[in-house]
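Input: a single structure, listed below in structure tokens.
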Amino acid sequence: LREQKLLLREVHHRVKNNLQLIASILNMQMRGVEDPAAKRTLGRVQDRVMSLSSIHRALCTDSRLDRVRVDHLLAEIVAGLEDVALPREAKVAVRTDFAPCWLDPDRAVPLLLLATEAVTNAAKYVGTPEGGDADITVTLKERDDGEVVLRVRNTVEPDRSAALAAATLSWNATL
């Protein structure tokens, strides 16, 4: 059993290293691309790869192999996306509220990929409401029934459609 755990950790370590290598290759490609749309696309792919890498990093360093601490990984992903997705001059407050949450890797992967997409889109379409400040809010809660709820919300400009202004992304997964 001990040998199996060591081998499994080694597999996760190698997968993490390979994903980081892919992210580095994407970064080199982005430096050579002049088209802003192509650069954004490569950046989004790189964000997805890094999200997957963070899960494998957690699995190869944590004492448990069957579950990962999703709230910690989500905080890491949001902080990384905040640096990449929001221009330096943007005055956008990013607020997070993550309850402690453990998920098995099969549930953590889609949740963190979805979070990457949602936060990237929230940053892309964030606006300043009349008389207010621009912000992005990301929450992760576990309900009493074991369901995990991720919410990503941003403020929008007054001239955006009502549907966009009311949009909230929720993802629920039963443990």
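The values are calculated or read from the model by the stated rules, or taken from the named source; none is laboratory data. The structure presented is a predicted model; accordingly, all values stated were derived computationally and were not measured. Glycine also receives a Cβ, built like all others from the backbone with ideal geometry; neighbour counts cover every protein chain displayed. The area values use the complete protein model at the heavy-atom level, side chains included, leaving out ligands, DNA and RNA. Shrake-Rupley method; radii C 1.70, N 1.55, O 1.52, S 1.80 Å.
For the stretch 28-42, does any single residue satisfy the condition of being open to solvent by 50 Å² or more (accessible area, probe 1.4 Å) and at pLDDT below 85? Write out each step before concluding.
Pass one, the stretch 28-42, residues open to solvent by 50 Å² or more (accessible area, probe 1.4 Å): 28-29, 31-32, 34-36, 39-41.
Going one step further and asking which of them are at pLDDT below 85, we end up with 40.
For the stretch 28-42, residues open to solvent by 50 Å² or more (accessible area, probe 1.4 Å) and at pLDDT below 85: present.
Residue-by-condition table, conditions (1) surrounded by fewer than 18 Cβ atoms within 10 Å (Cβ to Cβ); (2) out of contact with any Leu (no Cβ under 9 Å at 6 or more places or on another chain):
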site	(1), (2)
I77	no, no
L112	no, no
A118	no, no
E130	yes, yes
D144	yes, yes
N154	no, yes
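From the list V119, V84, V138, V94, which one is touching a Gly at 6+ places or on another chain (Cβ under 7 Å) and in contact (Cβ under 8 Å) with a residue 40 or more places away in the chain?
Exactly one residue qualifies, and that residue is V84.
Considering only the stretch 90-105, I want to know if a residue exists there that is closer than 23 Å to L21 by Cα and either open to solvent by less than 40 Å² (accessible area, probe 1.4 Å) or of a type outside the set (F, W, Y) (or both).
Yes - at least one qualifying residue is present in the stretch 90-105.
Can you find a residue in the stretch 133-142 that is open to solvent by 60 Å² or more (accessible area, probe 1.4 Å), of a type outside the set (K, R) and in contact with a Cys (Cβ under 7 Å, 6 or more places away or on another chain)?
Yes, that holds for at least one residue.
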